[in-house]
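Scroll down for the structure; my scribbles are underneath it.
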Amino acid sequence: MGTAQTIDNLLFASTTALFKAYGVPIAEIAERPPRGAHAPLCAVIGFHGQILAGALMLAADLEPVRRTRPVPSTSDRDWIAELANQLLGRVKNKLLGHGIEVYATTPIVLRGERIAPLGGTSNVSGVLFEARDGGRIIAWVDYEVTDHAQFEKAMATEVAREGDVVLF
Amino acid sequence: MSKRILVVDDSASVRQQVAQALAPEGFEVVEAGDGVAALELLAGAPDIALVLCDVNMPRMNGLDLLEKLHQAGRTAAMPVVMLTTEGQPALLQRARSAGAKGWIVKPFKAPLVLAAIRKLTGG
């Protein structure tokens, strides 16, 4: 499997699993978010490593983001930032299975509209989802790979999974 | 008297989520938004039973905070558990070497976190 397909799959699986973990089932409706897709709340988080670097963005309508909130009193901005952080965490931990280690920056939040990945460009993975109870979610990764061969070499690194508690 | 747990995370949502899980079980939760704020708080609140700490935070990250706590005499024995999206073995090893008592990967399961806190605080 090539680099782009690997990242596409990671992004799809990680986003689906993240929203499912918070009780909000989502389904893919387009492999690449169309121009003009409406998603007013966006969190962006950077990552860097020896062979892979870039940024991940999670953009969504307010309603599906609010339905995932475990604490209703928290702000939309704070919660989508944490969702992006947890989404990148899932992607990072899966990348470890390929021997790819990346480190994250802290997230930032933007409010806007009609945000979409650049069309016809390599090194951009994006998925448009729709929540079962309404609302759209866009996840995309814009990345650079310095060593595709190394990237594609799978490694069976044992990693801590979401929800794990390890006492030393 | 309820035991005080210091939750250090730059996400208010996570801090409140942890507080919501711990408060009904008799723990008092104190919050800090990053490592610097945690150190300031600890300087004036010595009766913390355990620190639950994120890794990626602005100003001072969780691993740097862990190392500072365990280098200082008064807080050297304070149990610290990391609560993070990170899972890299190198980071777990760094935390372990610096004296962390545990590592929890977000999103966390409240009953497992409670069990770990009870075990490390003796109730």
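The mean count of C-beta atoms from other chains within 10 Å of the C-beta of residues in B:56-68, rounded to a whole number, is 1. Across peptide A:73-81, the mean count of Cβ atoms from other chains lying within 10 Å of each residue's own Cβ comes to 4.
Please work out whether chain A counts as rounded, prolate or oblate from its C-alpha gyration tensor, where a ≥ b ≥ c are the square roots of the eigenvalues and a/c under 1.5 means rounded, while otherwise a/b larger than b/c means prolate and anything else oblate? Oblate, because a/c is 1.5 or more while a/b does not exceed b/c. Note on the range B:50-109: along the principal axes its Cα atoms extend 32, 23, 20 Å, ordered by decreasing extent. The mean sequence separation of alpha-carbon pairs under 8 Å and at least six residues apart, normalised by the residue count of chain B, gives a relative contact order of 23 percent. Of the residues B:43, B:95, B:32, the one that moves most in a GNM of chain B with alpha-carbon contacts below 10 Å is B:43. For the listed residue pairs A:92/B:3; B:68/B:101; A:20/B:101; B:68/B:106, the alpha carbons are over 27 angstrom apart in A:92/B:3; A:20/B:101.
Under the rule a/c < 1.5 gives rounded, and otherwise a/b versus b/c splits prolate from oblate, where does the range B:4-121 land using the Cα gyration tensor?
Details: a/c = 1.31, a/b = 1.10, b/c = 1.19.
Since a/c stays below 1.5, the shape of the range B:4-121 is classed as rounded.
Over the protein assembly as shown, the alpha carbon radius of gyration divided by the compact-protein estimate 2.2 N^0.38 Å works out to 1.01. Taking every C-alpha pair closer than 8 Å and separated by at least 6 residues, the mean separation divided by the residue count of chain A gives a relative contact order of 35 percent. Peptide B:13-19 is shielded by partner chain Cβ atoms: per residue, an average of 6 of them sit within 10 Å of its Cβ.
Name the shape class, rounded, prolate or oblate, that the alpha-carbon gyration tensor gives for the range B:74-123, where a ≥ b ≥ c are the square roots of its eigenvalues, rounded holds for a/c under 1.5, and otherwise prolate holds if a/b is larger than b/c and oblate otherwise. Display every interim value, and only then the final one.
Details: a/c = 2.63, a/b = 1.05, b/c = 2.50.
Oblate is the answer for the range B:74-123, as a/c is 1.5 or above yet b/c matches or exceeds a/b.
Here, each number is a calculation from the coordinates, and none is a lab measurement. Source: prediction; values computed, not measured. Glycine gets a Cβ as well: all are built from the backbone with ideal geometry, and neighbour counts include every protein chain shown.
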